[in-house]
Amino acid sequence: MGTNTSVNYQEEKAVYYKVLAGLLLLTAITFIQPHLFMAQSTFLAQMLIAVIKAWLIVIYYMHLKGEKLIGAMVIFALLLVLVFFVIVIGVDVSHFQFKGESYITEPITTGAAHSATPAHH
Amino acid sequence: MAHAYVPEIAVDREGNEHVVQGWQDDFYGGKLGFWLFMLTEVMMFGGMFLALAYYNTLHPQEFLEASASLNRLLGGTNTVILLVSALTMGLGLLKMRAGDVKGAKLMIWATILLAVIFLVIKGFEWTAEYDHGIFLMHGQMLPESTMAFGKKLFFGMYFTMTGLHGFHIIIGIGLMLWLLKRINANKVNPHHYILYFNIALYWDIVHLIWVFVFPYYYMIGAATGGTSGH
Amino acid sequence: MSKTYFDETHCAIGHPKSTFMQWMLTIDHKRIGIMYAAVMFTFFFVAVATAFLMRLELFAPGQQYIDGNTFNQAFTLHGVIMIFLFIVPGIPAIFGNIVMPLMIGAKDVSFPRLNWFTFWLYILGCIIAVSSLWVGNGFADTGWTFYAPYSINTNTNVIFTLVAAFILGMASILTGLNFLVTIHRLRAPGMTFFKMPLFVWGIYATAWIQLLATPVVGITLVLAIMEKYFGIGIFDPAKGGDPVLFEHLFWIYSHPAVYLMILPAFGIMSEIIPVFSRREIFGYRTIALSSASIAGIGYLVWGHHLYTSGMADIAKTVFSFLTFFVAIPTGIKFYDWIATMYKGKIVLATPMLWALGTIITFAIGGLTGVTIAMIGVDIHLQDTYYTVAHFHYAMLGGVVFLLFAGMHYWFPLVTGRMYNESHAKVAFYLNFIGFNLLWFPMFIAGYLGMPRRYFDYLPEFQIYHQASFVGAVIFITGLIYMFYVLIQGWRKGPKVGVNPWRATTLEWHLPSSPPPLENHSKVPYVDFDPYEYHHGEPVVKFDENMRRID
């Protein structure tokens, strides 16, 4: 299994360079995106680009293409992370109910005495 | 276990022979094991991104402002450097598989060089931030400073995550040096390259983490105003 | 006399002559499992002693033997050892190592050297964890959960405990990784996933939790260390950090960790019940798949530890709802086991006694868990003795009881000898009675409002504490008795053949007892189910070349 099953050097090398070009292009897009499109939701646009880049890396550089078992495992782990995000961010924090009485948000409303220690004594 | 390992044969009731997979010389097993290890990295950085997103949800505006103050030029340069290093790593593996050991070693050295440059740039960046009074246990990051909570948390996470990523880079350099040693000892060669394969995978996951770290820290505030630099 | 794995071994480095170095450097999965067992039970007794010290202090209200701070350190030490050193690595590291490769017909795990490294990583973690008893400002007094911000602010040597937990977590991850690859790669030809023994299913589900949940607590501990030493602010309210986030991240691991403990234990149960009922297991697939679904759902219920910590109401509701779901696959398993026993020829040997005892104790532990999964009830019972009794019924009366069951069941496999059955049964009854007397009064005390982790209490709770104390004495006597019986059995017990229980799974078809270094003489072709009995007799038989002869 560990042996050399006919490497098509030129062909695989060409794939590497093509992917590199794609990644460089996406990196360039990263920089002009705020001035170009989706300026109101930079966060979303940036993460979208990152996902595409990650996809390219995983499929071609990490040779995940055609790996059924490992692919399924990767997807399972990613889904798990996604679920953590949905529950913690989507369900819990986005319904944060303690703003007024909280120590951990900005002391604008109430409780200034608690959180902002005076700079001068 | 690089030397001759002869797998066992199991025979079923019809007399058909079945090759028994041993733990020795199991290329796919090695690959599977390393992928599973990489899933632990995913969960680890996933946990940190979760913490980051947690505070981002509580302090959205301050996160954008803090992000806008990071040096996008240096960050972008580092992105490109890592990108190229992933290519050299991959090409080196390809050369090794095609039998070009010398070329492979050259490519590993190139990857190490790029990794060091990455760290040097990172060092400059952190130094500049220190000079602006933003560093762990220093200046505006101290509890008594009046910098907004969201910004403190942003920078706290920024130093932690980029620091941990840098730590992975350092480990990667160590692994590549070890790999060179193994290649010189002919333990890794065009027929037995699982170690090389896995270290290449490691380098890719280090790159992959940066693919997400970079936009989350440097780019989300890009539209908020302020050009690159402090 | 053929050589056994006690006579020869493969080593990670070189070929040392001395027996001691051969054990230190061994990569044989059976030897590593035995070493894990030796270390773990040593720590187990340290933690039992700590617990007994606390019981002693609680015998009467007021301060008798130890002060409040020492009490805090005592329950932290008890928790840290029991959770991180004993019960989390427990069954996978001991029986996963010794038995799992035998069950699937493998010569060893997939990465034997990594297995060796993992063992020593575990030892390193143990040393760091325990060394803070003597190094620095005393052992951590935070409880094993290290809740921020107290763990950030306390002056005790919490850093050692955090680092130790991180290292032990790494060992746990590597064990899981090794087992996953082993189960995927090294199953004997013909053995599909649904032909694996159910213990292997338990280990498989567990390994996924070890692999994917442990990194989250690992990074949480790293963040806590960063917070403590670099002030990054993440858990520090003075910088806007939210301690509840720590609890989220901590329980994202630590709740699945509960299933990580119980799933291999259920696996042992599924091995013992069919063998001692002389019947094919009822509902093989449902048991296998319920292991997988417990592991899956187990990831989604961590929030029920945070009902009183300040979560959004909607999140509480979601978590409560999800938590109830875990009871379903667990219930399926229980009905399957009972259905297996129905009309079986039940042999009341010691392993079976432990298994039957666990059906009672774990049922109590599990069902009391469902009551505190309800938000309203939990507000009343959170952090009371009710919760303490609940998780001890589930962990001690579930996981550890089944670990003991497995110890008796695989004893002849590991040692080649048999312990004294009648003494072992007496030990079981002592343990069972002592256990219930120890923990059941705590349900009542907790319901009446006795808070956990207090070193003093109101006089009205004294009767419950005293009953518990008596139970503790009986229980500890039973434990010592049980280990005495087992050690005597190993030293002087009669030699028994390779399959004294007339079991069907592959680990009972080895060429010698104890097994030789590389396990099965030949790898069999597996075209049969793991538990095939016909009229109380095993169906599948092998010749000396492991070919079926029926």
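Structure notes:
- Scanning the stretch B:193-217 for residues that are assigned to a helix (DSSP H, G or I), more than 16 Å from A:LEU64 (Cα to Cα) and within 9 Å of chain A (Cβ to nearest Cβ) yields B:VAL211, B:PHE212, B:PHE214, B:PRO215, B:TYR216.
- Some residue of the stretch A:81-91 being out of contact with any strand residue (DSSP E or B) (no Cβ under 8 Å at 6 or more places or on another chain), part of a helix (DSSP H, G or I) and away from chain C (no Cβ under 14 Å): no
- Within the stretch C:188-205, if we keep just the residues that are under 24 Å from the mean Cα position of the chain (by Cα) and of a type in the set (Val, Ile, Thr), the residue that is nearest to C:TYR284 (Cα to Cα) turns out to be C:VAL200.
- Considering (1) crowded, with 17+ Cβ neighbours inside 10 Å; (2) in contact (Cβ under 8 Å) with a residue 40 or more places away in the chain, the lone condition that B:LEU73 does not fulfil carries the number (1).
- Evaluating C:ALA238 against the criteria (1) assigned to a helix (DSSP H, G or I); (2) surrounded by fewer than 23 Cβ atoms within 10 Å (Cβ to Cβ); (3) away from every other protein chain (no Cβ under 14 Å) leaves one unmet condition, (3).
- For the stretch C:339-363, the set of residues classified as over 14 Å from C:PHE266 (Cβ atoms) and open to solvent by 20 Å² or more (accessible area, probe 1.4 Å) consists of C:ALA339, C:MET341, C:TYR342, C:LYS343, C:GLY344, C:LYS345, C:ILE346, C:VAL347, C:LEU348, C:LEU356, C:ILE360, listed by residue number.
- Every condition in (1) without any contact (Cβ under 8 Å) to a residue 24 or more places away in the chain; (2) open to solvent by less than 10 Å² (accessible area, probe 1.4 Å) is met by B:MET48 except one, and the failing one is (1).
- Subset tally (residues that are in contact (Cβ under 8 Å) with a residue 12 or more places away in the chain, open to solvent by less than 20 Å² (accessible area, probe 1.4 Å) and either in a helix (DSSP H, G or I) or more than 7 Å from every other protein chain (Cβ to nearest Cβ) (or both)) for the stretch B:9-32: 1
- Scanning the stretch B:80-108 for residues that are open to solvent by 10 Å² or more (accessible area, probe 1.4 Å) and more than 7 Å from chain A (Cβ to nearest Cβ) gives B:ILE81, B:VAL84, B:THR88, B:LYS95, B:GLY99, B:ASP100, B:VAL101, B:LYS102, B:GLY103, B:LYS105, B:LEU106, B:MET107.
- Residue that is nearest to the chain's Cα centre (by Cα) [pool: residues in the stretch B:33-44 that are more than 22 Å from C:ALA12 (Cα to Cα) and either facing another protein chain (nearest Cβ under 7 Å) or without any contact (Cβ under 8 Å) to a residue 12 or more places away in the chain (or both)]: B:VAL42
- Pairs are defined by a Cβ separation below 9 Å, a sequence spacing of at least 6 or placement on different chains, a first member in the stretch B:168-186 that is farther than 13 Å from B:LYS102 by Cα, and a second member that is open to solvent by 90 Å² or more (accessible area, probe 1.4 Å) and assigned to a helix (DSSP H, G or I); the pairs so defined are B:MET176/B:TRP109.
- Number of the condition not met by B:TRP178 [criteria: (1) within 14 Å of B:ILE108 (Cβ to Cβ); (2) hydrophobic (A, V, I, L, M, F, W, C); (3) surrounded by 15 or more Cβ atoms within 10 Å (Cβ to Cβ); (4) more than 9 Å from chain A (Cβ to nearest Cβ)]: (3)
- Residue in the stretch C:255-274 that is over 17 Å from C:GLY365 (Cβ atoms) and of a type in the set (Phe, Trp, Tyr) present: no
- Within the stretch B:218-230, the only residue that satisfies the criterion of being more than 10 Å from chain A (Cβ to nearest Cβ) and hydroxyl-bearing (Ser, Thr, Tyr) is B:THR227.
Each row is one residue, and each column tells you yes or no for (1) in contact with an Asp or Glu (Cβ under 8 Å, 6 or more places away or on another chain); (2) of a type in the set (A, V, I, L, M); (3) within 14 Å of chain B (Cβ to nearest Cβ).
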position	(1), (2), (3)
C:PHE469	no, no, no
C:ILE474	no, yes, no
C:LEU479	no, yes, no
C:TRP501	no, no, no
C:GLU507	no, no, no
C:TYR525	yes, no, yes
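- From the list B:ILE169, B:ILE117, B:ILE173, the one residue that fits, being over 29 Å from C:ASP242 (Cα atoms), touching a Phe, Trp or Tyr at 6+ places or on another chain (Cβ under 7 Å) and either among the acidic types (Asp, Glu) or away from every other protein chain (no Cβ under 14 Å) (or both), is B:ILE169.
- Residue check, C:LYS522 open to solvent by 10 Å² or more (accessible area, probe 1.4 Å), among the basic types (Lys, Arg) and within 30 Å of the chain's Cα centre (by Cα): no
- Some residue of the stretch C:364-371 being open to solvent by less than 20 Å² (accessible area, probe 1.4 Å), in contact (Cβ under 8 Å) with a residue 24 or more places away in the chain and outside any helix (DSSP H, G or I): no
- Counted residues, the stretch C:316-348 - those being out of contact with any Gly (no Cβ under 6 Å at 6 or more places or on another chain) and within 11 Å of another protein chain (Cβ to nearest Cβ): 4
- Taking the listed residues C:ALA224, C:ALA288, C:ALA213, C:ALA312, the one that is within 12 Å of another protein chain (Cβ to nearest Cβ), more than 25 Å from C:ALA164 (Cβ to Cβ) and hydrophobic (A, V, I, L, M, F, W, C) is C:ALA312, with no other qualifying.
- Flag for C:ILE476 being open to solvent by 60 Å² or more (accessible area, probe 1.4 Å) and not basic (Lys, Arg): no
- Going through (1) assigned to a helix (DSSP H, G or I); (2) without any contact (Cβ under 8 Å) to a residue 60 or more places away in the chain; (3) not charged (D, E, K, R) one by one, B:THR146 falls short only on (1).
- Pairs where the first residue, in the stretch C:434-461, is under 20 Å from C:ALA394 (Cβ atoms) and open to solvent by less than 40 Å² (accessible area, probe 1.4 Å) and the second is outside any helix (DSSP H, G or I) and of a type in the set (Phe, Trp, Tyr), C-beta under 7 Å, 6+ apart: C:MET450/C:TYR457
- Top-ranked residue in the stretch A:77-98 [being of a type in the set (Phe, Trp, Tyr) and modelled with pLDDT under 95; ranked as least open to solvent (accessible area, probe 1.4 Å)]: A:PHE96
The values are calculated or read from the model by the stated rules, or taken from the named source; none is laboratory data. Being a predicted model, the structure only gives us computed values, none of them experimental. We place every Cβ from the backbone using ideal geometry, glycine too, and count neighbours over all the protein chains shown. Side chains included, ligands, DNA and RNA excluded: accessible areas come from the protein's heavy atoms. Shrake-Rupley method; radii C 1.70, N 1.55, O 1.52, S 1.80 Å.
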